[in-house]
Amino acid sequence: MTADVEVLGVSHRFGEVAALRDVTLSIGAGRFAVLLGPSGCGKTTLLSVIGGFLFPSAGRVRIAGRDVTGLPAARRPTTTVFQDYALFPHMRLGANVAFGLRMRRVPRAEREARAEAMLRLVGLEGMAAKMPHELSGGQRQRVALARALAVEPEVLLLDEPLGALDLKLRRQMQDELKAIQRRVGTTFVHVTHDQEEAMAIADEIVVMNAGRVMDQGPPERVYLRPRSRFSAAFMGEANFVPVRLRREGDGIAILGPFGTHPLPAERLADPAATGGRAELAFRPEHVNLGDAPPGTLDLGEGTVRDIAFSGSHRRARIALDALDGGEIVAYLPQAMEVSATARLRLHLDPARAILLPAEDGESRCGG
Amino acid sequence: MAAVRAARRQRLRGFAFVLPALLWTAAFFLLPFAFMVAMSLWRRVGGRILESWTLENYADFFGRPHFLEGLANSLEITLTVTVISVLFAYPLAWIIAEKVPERWQRAALMLAVLPFWTSYVVRSYAWLLVLAHDGVVNRALLAVGLVEAPLVLASTRTATVIGFVHFFVMLLTLTIYANLRQLSPNYARAAADLGAGPVRIFLHVILPLTLPGVMVGAFLTFVLAIGDYVTPQILGGNNELVLPQIIMLQIGRRADLPSASAMAIVLMAVVTLVYFACARWLRLERA
Amino acid sequence: MRRLADGLALGYVVAVYAFIYLPVAVLVLFSFQESRLPIPPFDGPSLRWYAAVFADRRLTDALANSLLVALLSSALAALLGFLAAYGLARYRLPASGLQRALLTAPLSVSYLIIGLGLLIMFSRLGVPRSLLTVGIGHTVINLPLCFAITYSQMGAHQENVERAARDLGAREWQVMLLVTAPMLLPAILAGFLLSVTFSWDEFIIAFLLSRFDVTLPVEIWSLLRSGLNPRNNAVGSVVFLFSFALVLVMELLLFRRGRRR
Amino acid sequence: MPGNTRVSLGRRAFLGGMAAAGAAAAGLRAGRARAAESLNALVWCDHTDPALIRPFEEAFDVRVNLKEYEGTGTAFSIIEQSAPGDGDVFVIDGIDVPRAVDAGILAPLPEEELPTADLFPELVMAESHVRDGRTWAISEKFGYNTISYNREKVDPADVMDMAVIWSEKYAGRIAIYDYYLPIIGLVAIGLGKKTSELTEADLPAIREKLFQMKKVAKLVGDVVASQTALATGEVDILVGGGEWVTAGLAAEKPELDWVLPKQGGLRWSQSIGIFADSTRKDLALEFVKYILSPEGQARLATSSCYWAMPANRRAGEVLTPQQKAALRWDDQPAYLARAQLYPAPDAELDARMQDIWTEMLQQ
């Protein structure tokens, strides 16, 4: 069972606070979508709207083409895995998992068999007689998943299901979640504020901030070609340098501290912003060392201010001469030992450069 | 629009859950109170209740020294009891919470409040036996030679106070212990870390943090003690009557419900005043 | 220094415990007195006063009455309290603060006053006094207790669990019956049992509102007024044993398992 | 919230146990409701002795429900707060029977069924019991409110004078029985007044003596408190005491004694009648007849709450010599001659007396 989800112009207010502002998005059937954003920025609210726990002040929700906006949770083809799992504390695991089937008046023998199958699916075979409080956090999480999947929903909603687990367990569960989603084929809508988790499991990431959708697309696209400064900054680290733009033939040229440099027009997310101010963004891992070969964007020389070893690379803060001492972050190779105050020459592959429309200030929700 | 209608439907359904309890409270708490207020404004004259409105019952109460003295006795005894009970209970609760090993704490606490469950009436009677002229206390004191003649304990205000304190030490130990346990041990650790000694930790950290809980317990003590009839009646020897005893005299011996009502309302007013006086420490309800 | 402090603490605890247990010990000890006066010297042990207690039909009747009133009034209080807590915790209701205040108000009013109010109302309305009126009075004092205990346990976590049930297709009554009530059973039961012990031991309301059928504390009161007698000690000891058993049950069933975690 | 994550067989068993307890309590009640009828009696505590009540219950297969009280005011207060028909039998101070008749509480008794002729003549009390040619109640038990004392600690000569109750000699060793009528009566006797002739004008003097008494008294107690105080050595003199305090304790505390001082003492008597609103008058009459029978009288005289003389002389055939000795059966003619009755104030004087009493307690 699977279905697509469409959210059309949904807004929701809690008193004075606008939690969702005109959100429109669509998630294809069978996809694993992740709503990503800092806490308090509307992603859980959006999930509640899709799940039928909240009725939006404006807008519509469609599942499998059917308008479900006014339907309560019980009558939607969705189920939810809650952040605190919300297992029924007084029921054994079997009864927990079979609860939805019981509500659907499935005969006892059948629902017990289905519950057992579901527990097997999540790797808790033979534990149907245990009580929730006898389980570890990760196991409870699996029971919650089994319970929500047992009724074969068309869409499964997961509200930060891994938030309470420690890092290692979380990574492991990510893989399992992904595998289970593949097997059951149900559309998953998963909420998290962990961008690594999002990239690890999502077919599609929806970046949200301040009640708005900031970006939506496959993880690679969202990471490499973010469509807003917010999503660039939220999805990993990025450096931002203000530049001016000029149309130059088919493409555009950027004018800024690093001189004038031509770029292909498709680099710019929003062509309407062309001609005005923009921001050049680039990821720290894309900064290269040494003299700039032709065709690359020369960042000039800079002084290392601070360097820290972080396992796969060394993270350096470098004050660039071209920016009058303004700092950027660059990831230097693990093998390279650099002392603070060292002078380095840096350049950038223009294919990796991101051009973003200039924005006024940061988001109001913070990170 | 649908959302508004749904919200109203929700409200009505929620109200339906609360309604039985509200109706019960209205019918058997508010309404009787209204009856009592009306009754207090009537008079009992010559064996009948005269249903004409008057404040004479209140005038009587405030005009007769032996009634007013009852109120004064009530206040004195109750305040004494409250203070002594807190002073006894706090150290006990603290020792149980801090000094007793974790696994024995619950047992220690249970042990401390077990006699709480003896019948209330019987407990006062037992104190009468203990404090009697020939009772255990006097026998023991005489045997040890601490006193030469038996102490006069039973049938005095002291006996009433002892009976009350016995009951409320248990109650307060329970509440204060719960309070102390709720405190994170990190408060004390932080204070100790910053150089405070045990005394200062207690005075500046533990005591202020537990004060609201203590106040709730003390208020509860006050309310229960000032309205109690059994303990002073059994232990006080009819000396220095408290207000509930006087109220019961009006009900029991003269069927004078009007003046009993007026006194009950005065008693309630006193409790309410005390409540407002301590209101800022009292959060009986969940915020 | 530290040892001295610990010694003082121990001494204090022993002293307070002795104070707390003194009357109980005397009560129980002299219930085994042989002669007619429950004061030193002790001349027992004898079970004659216990025999007298169990042979006294008025006492055994009162005991049954007390049990009945306590169980029924507490069950009603627990039910009403749970429903009200559910409504107030789960729905946004107008003036909910006022409703909560009203429901908990009887907590801060003396039993004597509650009893007097009911006495006046019942006699003005011509309602004869009976165990029923006593039960009504006890429900009035226990309802706020059951409500407050249940309400305080209705946290956001439980709300999420209820949402999960709804999400899985449960109707409102199913949510309440299959999820909320069982989940809150410890709180509901705690309220119920506390109410049972309160009602079981309540004197003044029962005294004012009963007539020929009385509850145990009222009967004991009459006993106390009708002569000095180790039988009173025996009754008191029996009642104590009963309450103690109830508390023990409460402790073992409701709290011990919770403590282990 | 660790407390709410478990359900166990234990809890189910517990709920079952509670239900069983409820059922047992209900069953117990149902079982005793099997008795064909019940009879409600408003009585003094001496009627609650099973040894007295059970023979009647067995003979007539009924259940007797007893509500006890102390003091006529209390009784009237209870009756006023009851629904009509609540009660069947009423035991009341003999002196207060006219008040009850005035209030229309009592039903007339069939004279021919009562053993009036067997009563001590002083206890017939026609002026109280008979009105308009009909009998409304009959005496069942009597005794004295005088002075009880501990012979080992008090000089018997001292208690022969009523003034002992307000003298400083025994200050702090005196208890006062908490019932305003007999004590006010005793004080009146001590002042040389006649209890039957008390008026508002006598009150100031009585009040003064009462206050004086309160000053030297240790406590003012109901039946049990005053009895306890005397028996435990708390006090040595009980004002208002009599055989009802000491006779029952004769075996354990032979040193407790009582006297009629030279000024005399107060005689109390209880009468029994039937409520006008009773719906079971026949049964009620059987109860009255049982109480007045020699056997009933003997049991009543020696009932556990307090002993006192039976009104019916023929009880003497049933009582043992020891019991008769404790009751001082043979001294009765002399006592009866010297004792006065309780004061019988009208409603207004009664209220004044109660006010004085409350004031005295508060001293």
Loop-exposed trypsin sites (Lys or Arg not before Pro) per DSSP, neighbour cap 10 Cβ within 10 angstrom, longest uninterrupted part of chain A: A:106-363
Taking only Cα atoms of region D:84-204, the Rg to Rh ratio with Kirkwood Rh works out at 1.06
Find which of A:GLN141, A:LEU87, A:LEU124 sits farthest along the positive direction of the dipole of region A:74-141, computed with +1 on the beta-carbon of Lys and Arg, -1 on that of Asp and Glu, about the Cα centre. A:LEU87
Residue of B:THR160, B:THR272, B:THR173 that the Gaussian network model of chain B assigns the largest fluctuation, springs spanning Cα pairs under 10 Å: B:THR272
Over the protein assembly as shown, the sum of -39500 (n - 2.57) across DSSP H runs of at least four, divided by residue number and rounded to 500 deg cm²/dmol, gives at 222 nm -15500 deg cm²/dmol
Whole-number Å³ per residue for the convex hull built on Cα positions in region A:237-357: 95
Say the dipole of chain A comes from +1 at the beta carbon of Lys and Arg and -1 at that of Asp and Glu; which of A:LEU355, A:ASN209, A:THR45 then lies farthest toward its positive end? A:THR45
Along its three principal axes, how long is region D:56-96 when you only count alpha carbons? Whole Å, largest extent first please. 33, 24, 13
Using only the Cα atoms of chain D, what do you get for the radius of gyration and for Dmax, in Å? 23.0, 79
Starting from the alpha-carbon convex hull of chain A, give the projected area averaged over all orientations, in nm². 21.5
Extension reserve of the D:GLU111-D:ARG151 stretch, reckoned as 0.36 nm per residue once the Cα distance is removed: 10.0 nm
State which entries of D:LYS141/D:LYS262; D:LYS141/D:LYS193; D:LYS67/D:LYS289; D:LYS141/D:LYS218; D:LYS214/D:LYS324; D:LYS67/D:LYS262 exceed 28 angstrom in Cα-Cα distance in the structure shown. D:LYS141/D:LYS218; D:LYS214/D:LYS324; D:LYS67/D:LYS262
Taking R0 as 25 Å, what's the FRET efficiency between A:ARG247 and A:ASP349 from their Cβ-Cβ distance, rounded to 0.05? 0.65
Where the only charges are on Cβ atoms (+1 Lys, Arg; -1 Asp, Glu), what is the dipole of region D:175-320 about its Cα centre, to the nearest 20 debye? 300
With a 1.4 Å probe and all protein chains kept in place, how do D:LYS67, D:LYS209 rank by accessible area, largest first? D:LYS209, D:LYS67
Carbon and sulfur together cover what percent of the accessible area of chain A at a 1.4 Å probe radius? 48
For region C:38-96, report the translational diffusion coefficient in µm²/s to the nearest whole number, using Stokes-Einstein at 20 °C, 1.002 mPa s, and a Kirkwood Rh over Cα pairs. 136
With springs only between Cα atoms under 10 Å apart, run a GNM on chain B and tell me which of B:ALA225, B:ALA89, B:ALA196 wobbles the most. B:ALA196
With charges only on Cβ, +1 for K and R and -1 for D and E, what is the dipole size of region C:1-110 about its Cα centre, in debye, rounded to 20? 480
Just the number, please: percent antiparallel of the DSSP beta bridges in region A:5-230, rounded to the nearest 5. 50
Rounded, prolate or oblate: pick one for region B:72-286, where a ≥ b ≥ c are the square roots of the eigenvalues of its C-alpha gyration tensor, a/c under 1.5 means rounded, and failing that, prolate if a/b is larger than b/c, else oblate. oblate
At a 1.4 Å probe, what is the % contribution of carbon and sulfur to the accessible area of region B:200-287? 67
Long-range amide H partners of D:LYS67, meaning residues 5 or more apart or on another chain whose placed amide H is closer than 5 Å, are D:ALA41, D:LEU42, D:VAL43
Loop sites only, by DSSP: take the GluC sites (Glu not before Pro) in chain B that have at most 11 other C-beta atoms within 10 Å and name the longest stretch containing none of them. B:149-287
Looking at region A:95-182, which GluC sites (Glu not before Pro) are in a loop (DSSP not H, G, I, E or B) and have at most 16 other Cβ atoms within 10 Å? A:GLU125
Can you list residues from other chains, or at least 5 along the same chain, whose modelled amide H is less than 5 Å from the amide H of D:ASP178? D:GLY221, D:ASP222
What ³J(HN,Hα) values, in whole Hz, does the Karplus curve 6.51 cos²θ - 1.76 cosθ + 1.60 give for region A:140-157 when θ = phi - 60°, with x put for Gly and Pro? 4, 4, 5, 4, 4, 5, 4, 4, 6, 7, 4, 8, 6, x, 7, 10, 10, 9
Dividing the surface of the Cα convex hull of region D:139-189 by four yields a projected area in nm² of 4.5
Interface area, D with B, accessible, probe 1.4 Å, both sides summed, Å² nearest 100: 2400
Just to be sure I understand: with springs between alpha-carbon atoms less than 10 Å apart, which residue in C:ALA70, C:ALA148, C:ALA156 has the highest mean-square fluctuation in the Gaussian network model of chain C? C:ALA156
Run the quick spin-label model on C:LEU252 and B:LEU23: label points 7 Å from Cα toward the beta carbon, then report their separation in nm to one decimal. 4.0
Taking a ≥ b ≥ c as the square roots of the Cα gyration tensor eigenvalues, with a/c under 1.5 meaning rounded and otherwise prolate when a/b beats b/c, else oblate, which class fits region A:197-239? oblate
Using alpha carbons only: equivalent-ellipsoid semi-axes of region B:1-121, gyration tensor based, whole Å: 41, 37, 14
Within the P(r) computed for region B:135-198, what percentage of the Cα pairs occupies the region above 15 Å? 71
Taking the Cα-to-Cβ direction at D:THR199 and at B:LEU79 and moving 7 Å from each Cα, how far apart do the two end points lie in nm? 4.7
Which value, to two decimals, describes the C-alpha radius of gyration of chain C once divided by 2.2 N^0.38 Å? 1.25
Surface accessible to a 1.4 Å probe, per residue, for the residues of region B:72-286, Å²: 40
Residue (of B:PHE219, B:LEU180, B:MET170) at the positive-pole extreme of chain B, dipole from beta-carbon charges: B:LEU180
Please work out the FRET efficiency for the pair A:LYS168 and A:ALA308, using the Cβ-Cβ distance as r and a Förster radius of 22 Å; give the result to the nearest 0.05. 0.45
Local net charge near B:LEU142, Cβ-Cβ under 14 Å (Lys/Arg +1, Asp/Glu -1): -1
What FRET efficiency, computed as 1/(1 + (r/R0)^6) with R0 = 25 Å and r the Cβ-Cβ distance, is obtained for B:ALA178 and C:ALA101, rounded to the nearest 0.05? 0.60
Specify, per residue and in Å³, the volume enclosed by the convex hull of the alpha carbon atoms belonging to the protein assembly as shown. 223
Accessible area of region A:237-357 divided out per residue, in Å², using a probe of 1.4 angstrom: 48
So, with +1 on the Cβ of K and R and -1 on the Cβ of D and E, and no other charges, what is the size of the charge dipole of chain A about its Cα centre, to the nearest 20 debye? 1420
Out of the total accessible area of region D:171-257 (probe 1.4 Å, heavy atoms of protein only), what percent is carbon and sulfur? 51
With every protein chain in place, the accessible area of B:VAL86 for a 1.4 Å probe, in Å² rounded to the nearest 10, comes to 30
5 angstrom amide H check on A:GLY300, placed H, neighbours 5+ away: A:LEU346
For region B:198-272, I need the span (max minus min coordinate) of the C-alpha atoms along each principal axis, in Å, sorted largest to smallest. 58, 26, 14
For a test of the definition: using alpha carbon positions, the gyration tensor, and the 1.5 limit on a/c, classify region C:121-261 as rounded, prolate or oblate. oblate
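The values are calculated or read from the model by the stated rules, or taken from the named source; none is laboratory data. What you see is a predicted model, and the numbers here were worked out from it, not measured in a lab. Here the Cβ is made from the backbone with ideal geometry for all residues, glycine too, and neighbour counts use every protein chain on show. Accessible surface is based on the protein model in full, side chains and every heavy atom, while ligands, DNA and RNA are left aside. Shrake-Rupley method; radii C 1.70, N 1.55, O 1.52, S 1.80 Å.
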